[in-house]
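First up is the structure itself, then whatever we jot down about it.
Nothing in this text is a laboratory measurement; each read-out follows from the coordinates by a stated rule. This is a predicted model, so every value here is computed, not measured. Because the Cβ atoms are built from the backbone with ideal geometry, glycine has one as well, and the counts that use them run over all protein chains shown.
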DNA sequence: ATGAAAGCGCTAACAA
DNA sequence: TTGTTAGCGCTTTCAT
């Protein structure tokens, strides 16, 4: 293990000079600078980030906390954060907390102990989130996709109420009366707000809100499956269902299929988040697409802005989702007489900024 | 920021005693132990991992390097590594190198500088991989999914030659004669070996290997799209195509659709890696499934074994992929007279160990 | 069983 | 412009 001391000795300078050269400080003789740099290269010296962090009390690593690494929405978001960080020469510490508050605490403690320069988090809970500890320690935090109600931090979200409202309204406009919802936990922003939008849409159209049609639980596919099964067992099963994220849609879809039902004929489905593989199949799902890449990009830019100017005013940014019509809501079949041209019209381009919680 | 010194003062003991209590050393009076622990808790003290790393020259973070965060194969793999690490109280530093050797070097340098305890890597290149620097520094490295030819490290892979051989043979058994392949770079294990299996299958069946039908480039969807477009423009376009990973399949699929062709009628497709969303659509792709979760699990277990016993013999483990029949190769339609029961028979369970590079 | 003290590799005053 | 030196917070001998 080669240390700065070794380099200093070899280059016939002091420790401090080596450090100065490495930081690019101006007050170093050119000749010395060149000699030190050559020695560094020749010896293959890599400064210890650990020692530097200890000394400066910060690192050039930023933490990113997501609740599901297998959900394309979050991986796209992570991808965006990583792109921005790489441009800024920061490494990303990606933590997958699996919608599990204990894991979230573990990773947040780890990041604190590792003295990360900042954190982008999509919090599992809106309140009592473990990340208050980061805020208290003065580490910049940006909340993305979901909010933290009891913490004052920069936040980037998508308008969930409007998204769910529009999705539900779309089903109502189809003539659907018995619309169910399967959504995530009430103490997560996305779970709560998508439910809100759904209810508001029903009420605005003078429809009854039926408790049996409302499933509030988790954002995992297992929950989507279980809930859909329960919905289908009702004496009056719903004729349409709104699934509040992508894994829930997967689970619900499987339940529908196992019951031998056809979409959209027997039951209509409208999902939240881009179903990324929609371009790989001829049957496609109708969904509210979220600008996940932009979400990550904006979040990480806010983070760097905060790192560079800790006292600037807190920003809360909200983006809009957009409805993508597929076959699962039953309206595309009517719109298209030529199935040949239909699907290709919604083929997405090869943009790395894929969309898609 | 509360330090160990603060705790020591408050608890009326020395720095060393606090440290001993925290490490669980036996030679501490029970009364003192309790008092220190109480003080730690009361003050909300979190030991600095940075300082500890500097002192002990290692950390309880392991690095994971993957080439594509948006590929379900890799996220499943990452998920497995993370599960094992969490059980062992290690945090995972997930690095996404985007099939880009410069990013790979950047992250490997970062991990070295951060003194990670070990690294699980799916290397971009088989030779001259930047991770030699980790090996040289004595940091345990496990190679997963892809090999490193010039480095002696524990390795877990899936048999790509056999997988590609079987996939190609399946198409040949369908009567396909004009089979194209789109695969990743030749200097990646998976790109090279899947090509090998394809060629071997053709030769074993006395078929010509046609250079125009072989596309070797990258594992990205853009490449799959571009290559498929080129293949379709040939005067004698192929009647079947084998795509060597999931993004390539996505790209190729789009190209096929944009040309107004039907799968499997106009062209047959067989993919590598589980198309995870197959359960969400009625049309499905035939693919070679890889045990990606197990791959990650075994890799991380090897890593911990190596961390605990650096001198134990190097292990190379190879798993087997398995063929999943869908509609895209054209044989399912014949097998099934009742489409209703067909698809549901291949519905995968809600196992977090999803399969699927 | 406990404390004193050295030092991990680096940065940043302060001196020169 | 360069060197000397004092820590950052922790672990770990070595004493006691």
Worksheet item: On average over all directions, what projected area in square nanometres does chain A have, based on the convex hull of its Cα atoms?
Response: 22.1
Worksheet item: How far is residue A:38 from itself in the other copies, in nm, if each label sits 7 Å out from Cα along the Cα-Cβ line, shortest first?
Response: 6.5
Discussion item. Label position 7 Å from Cα toward Cβ: report the copy-to-copy distances for residue A:203 in nm, one decimal, ordered from shortest.
Written reply: 7.2
Discussion item. 7 Å from Cα along Cα→Cβ at both residue A:315 and residue B:311: what's the point-to-point distance in nm?
Written reply: 5.7
Worksheet item: Taking the label point as lying 7 angstrom from Cα along the Cα-to-Cβ axis, what are the distances from residue B:14 to the corresponding position in the remaining copies, in ascending order and in nanometres?
Response: 3.3
Response to the item:
Relative contact order in percent for segment A:4-47 (Cα pairs under 8 Å, 6+ apart) equals 44
Fill in: For A:31-43, mean number of other protein chain Cβ atoms within 10 Å
0
Item to complete: Could I get the Rg over Rh figure for the protein assembly as shown? Both from C-alpha atoms, Rh via Kirkwood, rounded to two places.
Response: 1.00
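Taking every residue in A:111-119, how many Cβ atoms of other protein chains lie within 10 Å of its Cβ, on average?
That average works out to 4.
Given only helices, namely DSSP H runs of n ≥ 4 each adding -39500 (n - 2.57), what is the per-residue ellipticity at 222 nm of the protein assembly as shown, to the nearest 500 deg cm²/dmol?
My calculation for the protein assembly as shown gives -13000 deg cm²/dmol from helical runs alone.
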Fill in: Per-residue mean of C-beta atoms belonging to partner chains within 10 Å, peptide B:173-185
0
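Which order, highest average first, do A:146-154, A:247-255 follow once you tally other Cβ atoms within 10 Å for each residue and take the mean per peptide?
Working: A:146-154: 18.6, A:247-255: 26.3.
Descending mean neighbour count gives A:247-255, A:146-154.
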Worksheet item: Going by average Cβ neighbours within 10 Å, how do the peptides B:308-321, A:165-178 rank, with the highest at the top?
Response: A:165-178, B:308-321
Practice prompt. Once you have the Kirkwood Rh of segment B:1-116 from its Cα pairs, apply Stokes-Einstein at 37 °C and 0.692 mPa s and quote D in µm²/s.
Written response: 197
Practice prompt. Return the Rg/Rh value of segment A:4-47, two decimal places, where both radii are evaluated on C-alpha atoms and Rh is the Kirkwood radius.
Written response: 0.90
